1. So, counting K/R as plus one and D/E as minus one, what does the shell of residues with Cβ under 15 Å around SER33 add up to?
2. If I stretch the segment between HIS124 and GLU166 completely, what's the gain in nm (0.36 nm per residue apart, minus their alpha carbon distance), one decimal?
3. For the peptides 61-73, 169-181, what is the packing order when you average, over each peptide's residues, the other Cβ atoms within 10 Å and list the highest mean first?
4. By how many nm would the segment from LEU97 to GLU185 grow when fully extended, if each residue of separation counts as 0.36 nm and the alpha-carbon distance is taken off?
5. Rounded to the nearest 0.05, what FRET efficiency do ALA53 and VAL76 have when you use their Cβ-Cβ distance and R0 = 25 Å?
6. For LEU51, what charge total do you get from the other residues with a beta carbon under 10 Å from its beta carbon, if Lys and Arg give +1 and Asp and Glu give -1?
Amino acid sequence: MSTRSQLRFVQRVEQPDETAGSAARVAQVYRHSDGYPASVLRDLTQLKELLDATRTERGPGYTAATFVFLDKLSTVGLYLDGDSERTIDAVQPADLLDPANMEHLDQPLYLLGHGVEDPADGIHGDEEYLYVVELPTENAFDEPAEWTVKVSGHSAFPRWDGPTEEAFERASWQFHGPLEDALEELVAEPA
């Protein structure tokens with residue numbers, strides 16, 4: 001069974017005109033499976049570590065795109081379908097895009113499972129979790145800074161195909177704080 005979720009990557013941007021205040025840059029991703037906190041928070045931690053190490057964090061759009069890319073890479077193994085004869089050659093990754101190499105699959109899962117959402121259009125209504133990943137406003141070339149996350153309670157928000165903003169505004173958040181603390185608090189490591 002799928003655990004659907006929406007992840008919002010948000011960055012506050014100060015407006016040059018003092019009367020305008022600040023606006024938010026937002027990129028939103030739909031994730032069809034593994035949207036429960038243990039999975040999403042681990043993936044966000046891995047993403048942040050990669051972006052910090054490579055100094056490639058460039059705001060919500062880039063961060064959301066890299067999140068989807070890494071998530072899709074993690075499912076490429078499903079393409080092999082356990083067949084030891086079928087391999088992916090790193091020199092020829094275009095093999096993944098040849099439809100003839102997907103005939104053994106009912107659905108090429110690595111091509112499914114994510115969507116880039118327009119935050120103004122609404123959520124599907126069957127999500128179980130909402131996440132907000134608050135990115136720092138520093139220059140991308142500064143030292144990496146902490147990410148703050150908000151994690152909704154399980155289905156603790158309006159569930160309909162309606163305005164996204166209202167679902168995020170009315171959500172009950174089980175956690176709001178640094179990503180590292182969320183991982184520690186919400187992801188119980190097996191003993």
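We did not get these values from a lab; they are worked out from the coordinates using the rules stated. Here the structure is a predicted model, which means the values were calculated and not measured. Cβ sites come from the backbone with ideal geometry, for glycine too, and all protein chains shown count toward neighbours.
1. Its environment carries a net charge of -2.
2. Once the chain is fully extended between HIS124 and GLU166, it gains 13.8 nm.
3. Those peptides, ordered most packed to least, come out 61-73, 169-181.
4. Fully extending the segment from LEU97 to GLU185 adds 27.7 nm.
5. 0.70
6. Its environment carries a net charge of 0.
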